[in-house]
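The structure under discussion appears below in the form of structure tokens.
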Amino acid sequence: MIQRETYLSKLRQLKDQNLIKVITGIRRCGKSTLLEAFKNELLSSGISPRNIVFLNFEERENLNFTDWTALYDEIIKNVSNDEKYYIFLDEVQLINDFEKLINSLYTKKNIDLYVTGSNAYLLSSELATLLTGRYIAINIQPYSFKEYILANNDDKNTDRLFRKYINDSSFPEAVTLSQNNQDLVNDYLQSIYDTVIIKDIAQRNKLRNIHNLQRIISFLFDSVGSYVSPTNIATELNKNSQKSISHNTIIKYLDFLTQSYILYAAPRYDIKGKELLSTNEKYYIVDLGLRNITATNKYDTDLGHKLENVVYFELFRRGGKVYVGKHNDKEIDFVVQKPNNEREYYQVAYTVNDEKTFKREISAFKNIKDNYPKYLLTLDFDNTNIEGIQKLNVIDWLLK
């Protein structure tokens, strides 16, 4: 089992803090495994098994828990007031009125509470309002490239592994399956895709026209790294179509897709004006392997946008708010606003060995007058400093 150190370190820091730890992310990205790993750390540190309650509500033996009050009573009956207890509730959104359960357990000062969920409904306005100031959210994704290498430790060729990483899936189970049978990976990804689309989106939101939802998904999967808006999505999808999709429907479906964590939105930021722009943003797919389900040309295509997708999620993992940037008439791939009010700028290109491409990528930085770090990430082998701009090999950057 790969230790998800990025997330485990956060849980260690939050242990015994008077906050509900809410772990979110797409299905099968490793939330349950993360909780199990942290539970094992607690046991190794000397905490008694009777002081740990771990319930996964997708497991057969826990399906009978539908009423939150009965579940609360079941948990509390073995909790005494003079000891510390660690409660883990996995996929808690499957419990009716789960927010009342969470809030009631939180009032017990000797309970340290950890919950997971596979869609943003877990942090819907109702729950967020109820728990304002009482929780901290940790959003997790499939393997980073560093974790991917650990999972493929028999292969020491980093370049070959990276080529696989940007073309295949990084879901933990998919990586394990790929070492035996690639066909099984495709079946596995199809099952995740179907579950997210049908169960997390269509059934939850009572959608009747799943075909339109799938058309929008296919369009966005093909548009990774490109600016899109509800208007241009509608324009493209309504070409040569007998039934049109409305602007408002697209806005609603975009919200569903981000709430299920299959897509992440990067808003557009005006660097000079220091404000968010309401028009056009980019969407990035949580796992590039899922893109192969809807794409016809799969392997070694659109590598520049795939590379951009990988960099987006690595920046997301490293902390801060990630935007796509605009400065006058130039576009900056990523602007990262760090928690300490610092900022970083990134341009991403597959290669800048071509002089024209090099000048285009560098020119975007030229008129930004502040002294925040500027990075040019490519798959070229040289790591150099160009007039204060740090050019880095993206594989080196991902592994540092």
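Readers should treat all values here as calculations from the given coordinates under stated rules, not as data from a laboratory. What you see is a predicted model; the values in this text were computed from it and never measured. As a convention, Cβ positions derive from the backbone with ideal geometry for all residues, glycine included, and neighbour counts pool all protein chains shown.
Between the DSSP loop rule and a limit of at most 10 other Cβ atoms within 10 Å, which trypsin sites (Lys or Arg not before Pro) in the stretch 196-270 are left?
Values: sites: LYS199, ARG204, LYS206, ARG208, ARG215, LYS239, LYS243, LYS252, ARG268; in loops: ARG204, LYS206, ARG208, LYS239, LYS243.
Of the trypsin sites (Lys or Arg not before Pro), the ones in loops of the stretch 196-270 whose Cβ has at most 10 other Cβ atoms within 10 Å are LYS206, ARG208, LYS239, LYS243.
Could you give the dipole magnitude of the chain about its Cα centre, charging the beta-carbon of Lys and Arg +1 and that of Asp and Glu -1, in debye to the nearest 20?
Values: 52 positive and 52 negative charges, 179 e Å.
Around 860 debye, computed over the chain.
With a ≥ b ≥ c taken as the square roots of the eigenvalues of the C-alpha gyration tensor of the stretch 119-208, please select rounded if a/c is under 1.5 and otherwise prolate if a/b is larger than b/c or oblate if it is not? Before the final figure, lay out the partial values.
Working: a/c = 3.89, a/b = 1.66, b/c = 2.34.
Oblate shape, in that a/c is at least 1.5 and b/c is the bigger or equal ratio.
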#### Entry: Debye log10 I(q)/I(0) for the chain, one point scatterer per Cα, at q = 0.06, 0.07, 0.11 Å⁻¹
-0.27, -0.36, -0.90
### Query
Under a Cβ-Cβ cut-off of 13 Å, what is the net charge of the residues other than LYS243 that fall near it, where Lys and Arg count +1 and Asp and Glu count -1?
+3
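So which GluC sites (Glu not before Pro) in the stretch 1-72 end up in coil per DSSP with only 13 or fewer other C-beta atoms within 10 Å?
Details: sites: GLU5, GLU36, GLU41, GLU58, GLU59, GLU61; in loops: GLU58, GLU59.
When the GluC sites (Glu not before Pro) of the stretch 1-72 are filtered for loop state and at most 13 Cβ neighbours within 10 Å, GLU58, GLU59 remain.
For the stretch 5-139, what does the alpha-carbon gyration tensor say about shape, rounded, prolate or oblate, given a ≥ b ≥ c as the root eigenvalues, a/c under 1.5 as rounded, and a/b over b/c as prolate? It would help to have the intermediate numbers written out before the result.
On the way: a/c = 1.24, a/b = 1.06, b/c = 1.17.
Taking the square roots of the gyration eigenvalues as a ≥ b ≥ c, the stretch 5-139 is rounded.
Quick one: which of LYS321/LYS356; LYS146/LYS306; LYS366/LYS391; LYS330/LYS366 span more than 20 angstrom between C-alpha atoms? List each step's numbers first, then the result.
Working: LYS321/LYS356 31 Å; LYS146/LYS306 17 Å; LYS366/LYS391 14 Å; LYS330/LYS366 10 Å.
Beyond 20 Å: LYS321/LYS356.
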### Query
How much mean residue ellipticity at 222 nm does the chain get from its helices, if each DSSP H run of length 4 or more adds -39500 (n - 2.57) and you divide by all residues, to the nearest 500 deg cm²/dmol?
-11500 deg cm²/dmol
### Query
What does the charge count near THR258 come to, summing +1 for each Lys or Arg and -1 for each Asp or Glu among other residues with Cβ under 13 Å from its Cβ?
-1
### Query
Which net charge results for the neighbourhood of LEU220, defined as the other residues with beta-carbon distances under 15 angstrom from its beta-carbon, given Lys and Arg at +1 and Asp and Glu at -1?
-2
### Query
Longest segment of the chain with no chymotrypsin sites (Phe, Trp or Tyr not before Pro) in a DSSP loop having at most 12 other Cβ atoms within 10 Å?
1-298
### Summary
Straight-line reach check, LYS100, cutoff 21 Å on alpha carbons, 8 or more apart in-chain or any other chain, hits among lysines -> LYS21, LYS77, LYS108, LYS109
